[in-house]
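Undergrad: Once you've had a glance at the structure underneath, I'll fire off some questions.
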Amino acid sequence: MSANLGSEARALRVAVVGSGPSGFYATEALCKSELNVKVDIFDRLPAPFGLVRYGVAPDHSKIKNVTKVYDKTAGRENVEFFLNVTVGSDVSVEELGQYYDVILFTCGAETDRKLGIPGEDIEGSHTATEFVAWYNGRPEYKDRVFDLSGEVAVVIGQGNVAMDVCRILAKTVDELKSTDIAQHALDALSKSNIKEIHMIGRRGPAQAAFTPVEIREFGELEQCDPVVDPSDMNISDVSQAELADPKNSAKAKNFEILKGFAERPAGTKGRKFICHFHKSPKELQGSNRIEKVVLERNELSGEPGRQKARGTGELEELKCDVFFRSVGYRGVPIEGVPFREDWGVFENEAGRITDQGKVVPGMYCAGWIKRGPSGVIGTNKPDAEETVQHILADAPQLEGCEFPDSDVLLKKLTERGVKVVRFADWKKIDAAEVENGLKIGKPREKFVDVKDMLAVIERSE
Ligand code: NAP
C-alpha cells in the first residue's frame, strides 16, 4: 500500500541517523527535491556535525567553516533534530520504522581497523581514532590517558589521520593553544616529553596516502624538523611510472616535498618527525608496557598503481614509548541493519541497504558507513546525493509508516527519560562554548561532558 508519499497531503518522512557531513548533504538534497519531505536528524550526542567537530584536527579550523553551510540546512522548516538520542538503544531501528518511511544511515565509521599482530593490545598501544576523539573533546573519550612521558612515539600508517596524530604530537602548546583543542588534551600535551615521532609506511614515498598540504606542514613547524632518509627517495621504475601518471599529481607533489625534506641539513629543533617507508610492524614488545616495535622491511611488487607491500623477512627494532595505529576507520553495526564484517560498512548497493543482496525497502545509507572511510568532507556530497536519488526513485513504491508523526516519537522518548536536544538547544550550547573560548583566546572551549551540555539548556529553560 503506497500512501502517496511525498505529496502535499503526506510528506515523505525521513529519519537521518547521524548528523555529520553526509547527514547534512543528504538532508539538503532531500529538501531540494520536488517531493514534500520531512527530515528528522538523529545523533547520539547533543552536538551535531560528527566528523567536522570530532574528527577534523583542531589546528585545521578553516575546514570547520563548512558548518555554516550545514546551519542553513538545519534552518529549513521541514528539518528537525533529535540530538542526544542513540538509535539502537534509546530507540531501535525497528521502532524508528514505525515513524518514518525512510531511514537513512549516515553514521560514519567510528572505530578502527586492527593490525592483527602480536602485542597489539599491550599497554601504551592506542588507536588514532581514540587519540583524535580525545584531543577533539568527544565526551566518551575524555578520560582516555595517553602517557607522553617517554621520548619516542610511533605511528603506523601514512594517511591524513596519521598526519593529524603526528602533527598534534609535534606541535608546541603555543601552536595549539588558540585552537579549539580540548583543554584536557592541551594540558596533557603541555607536559609531553616526546622528542621523536616516527611515522611508518608499509609502501614507499610514491604511494603515501597523505596529501601535499598535510605533509608540507611538517616543514614549517616551530619546534619539529622533518627527517627523510635520502636512500628512500631512490624509487623503482614502476613507482616512477606511477608518479608520471597525471592522475597521481598529488602523489608526485608529495614526493617532491619529501625529497626536499631528504635534502635538508640536519635540523636543530627539539622534536623530529621521522618518515619511514617500506616497513610493516610485526610485533609490539615490552614487559609491562610497550618498549619496542619490531618492523619488517618490505618490497613492492605489482603493476603501476597496484603495487603491494610484501615482507622480506629482514627485521629491525624501533624503541617505542607510545604507539598509535592509524590504518583506517571502520563502521560499527547497529542491530537490525545488515553489516559487512569484511569491509566494516552496512551492506548496500549504491546506498540502498541490502540483506544478502536483496534490497531492504526503506533503508538507505550514505557516507563512510556506505563506501568506507575515504575522501575529504566534500566527497560526501555527491555520495549522499546518489543515495537521495535512489530514495526519490523508490518513494512511490515504499509503504508508508504506521505513525507519521514525530511528536509521538518525541513523547515516547521523553517518557523513557531521554532528553531530546533540538537544534535551537544546540545553538545555546554553541554560544556558551564560544563564550567560554573567548575568555582564553580560543575559538571555542568544547564541553566534553554531556551533562554540562544539557546543563546549558536547562539553565535557559
Ligand atoms: P587512509 O587515507 O586510507 O590511510 C590509511 C593508511 O594506513 C595508508 O597509509 C595505508 O597504507 C595504511 N595501512 C592500511 N593498512 C595497513 C596495515 N595493515 N599496515 C600498515 N599500514 C596500513 O585513511 P585515514 O588516514 O584513516 O583517512 C581516512 C580518510 O579521511 C582519507 O580519505 C583521508 O584523506 C581523510 N582525511 C582527510 C584529512 C584532511 O583533508 N586534512 C584529514 C584526516 C582524514 P596503504 O596505502 O599501503 O594501504
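The values are calculated or read from the model by the stated rules, or taken from the named source; none is laboratory data. Computed from a predicted model, the values in this text were never measured in an experiment. Every residue, glycine as well, gets a Cβ built from its backbone with ideal geometry; the counts of neighbours run over all protein chains shown. We work out accessible area using only protein heavy atoms, side chains counted, and drop any ligands, DNA or RNA first. Shrake-Rupley method; radii C 1.70, N 1.55, O 1.52, S 1.80 Å.
Undergrad: Looking at Ser231, Ser236, which is the one that is closer than 25 Å to Glu316 by Cβ, without any contact (Cβ under 8 Å) to a residue 12 or more places away in the chain and not β-branched (Val, Ile, Thr)?
TA: Ser231
Undergrad: Right, next: Could you list, ordered by first residue, the pairs with Cβ atoms under 8 Å in which the first is in the range 207-225 and over 9 Å from Phe273 (Cβ atoms) and in contact (Cβ under 8 Å) with a residue 12 or more places away in the chain and the second is assigned to a loop (DSSP other than H, G, I, E, B) and polar (S, T, N, Q), at least 6 apart or interchain?
TA: Note: pairs meeting the criteria are Gln207/Gln307; Ala208/Gln158; Ala209/Gln158; Phe210/Gln158; Glu222/Thr172; Gln223/Thr172.
Undergrad: Looking at (1) farther than 18 Å from Ala15 by Cβ; (2) not in a helix (DSSP H, G or I), which is the one condition that is false for Gly378?
TA: (2) is the only condition that Gly378 fails.
Undergrad: Here's a follow-up. Got at least one residue in the range 224-245 being assigned to a helix (DSSP H, G or I) and surrounded by 21 or more Cβ atoms within 10 Å (Cβ to Cβ)?
TA: Within the range 224-245, one or more residues are assigned to a helix (DSSP H, G or I) and surrounded by 21 or more Cβ atoms within 10 Å (Cβ to Cβ).
Undergrad: Return yes or no: is Val332 within 20 Å of Arg113 (Cβ to Cβ), in a strand (DSSP E or B) and of a type in the set (Val, Ile, Thr)?
TA: The answer is no for Val332.
Undergrad: A further question follows. Quick check on my filter: what residues within the range 104-123 are over 22 Å from the mean Cα position of the chain (by Cα), more than 16 Å from the ligand (Cβ to nearest atom) and of a type outside the set (Asp, Glu)?
TA: Ile122
Undergrad: Still on this model: Starting from the range 315-331, take each residue that is more than 17 Å from Val294 (Cα to Cα) and list its partners that are away from the ligand (no atom under 13 Å from the Cβ) and polar (S, T, N, Q), counting only C-beta distances under 9 angstrom and pairs at least six apart or across chains.
TA: As it stands, the answer is none, since no pair meets every condition given.
Undergrad: Quick one: is Ala11 at pLDDT 95 or above and in contact with a helix residue (DSSP H, G or I) (Cβ under 8 Å, 6 or more places away or on another chain)?
TA: Considered against the rule, which asks whether it is at pLDDT 95 or above and in contact with a helix residue (DSSP H, G or I) (Cβ under 8 Å, 6 or more places away or on another chain), Ala11 comes out as no.
Undergrad: Would you pick out the residues in the range 274-330 that are of a type in the set (S, T, N, Q) and more than 12 Å from the ligand (Cβ to nearest atom)?
TA: Gln285, Ser287, Asn288, Ser301, Thr312 - these are the residues of the range 274-330 that are of a type in the set (S, T, N, Q) and more than 12 Å from the ligand (Cβ to nearest atom).
Undergrad: Scan the range 439-456 for residues that are touching a residue at least 40 places away in the same chain (Cβ under 8 Å), over 19 Å from Lys177 (Cβ atoms) and buried (at least 18 other Cβ atoms within 10 Å of the Cβ) and jot them down.
TA: Result: Met453, single match.
Undergrad: To continue, here is another question. So is Asp43 within 16 Å of the ligand (Cβ to nearest atom) and in contact with a Leu (Cβ under 7 Å, 6 or more places away or on another chain) or not?
TA: In short, no.
Undergrad: Among the residues of the range 340-368, which ones are outside any strand (DSSP E or B) and open to solvent by 80 Å² or more (accessible area, probe 1.4 Å)?
TA: Glu341, Asp342, Trp343, Gln356
Undergrad: Any residue in the range 84-95 that is over 14 Å from the mean Cα position of the chain (by Cα), more than 20 Å from Leu12 (Cα to Cα) and of a type in the set (Asp, Glu)?
TA: Yes, the range 84-95 contains at least one residue that is over 14 Å from the mean Cα position of the chain (by Cα), more than 20 Å from Leu12 (Cα to Cα) and of a type in the set (Asp, Glu).
Residue by residue, here is whether (1) within 11 Å of the ligand (Cβ to nearest atom); (2) farther than 30 Å from Asp245 by Cα; (3) assigned by TED's automatic domain parsing to the domain that holds Gly270 holds:
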| site | (1), (2), (3) |
| --- | --- |
| Val132 | yes, yes, yes |
| Tyr141 | no, yes, yes |
| Ala153 | no, yes, yes |
| Gly159 | yes, no, yes |
| Met163 | yes, no, yes |
| Ile168 | no, yes, yes |
| Gln183 | no, yes, yes |
| Ser192 | no, yes, yes |
| Phe210 | yes, no, yes |
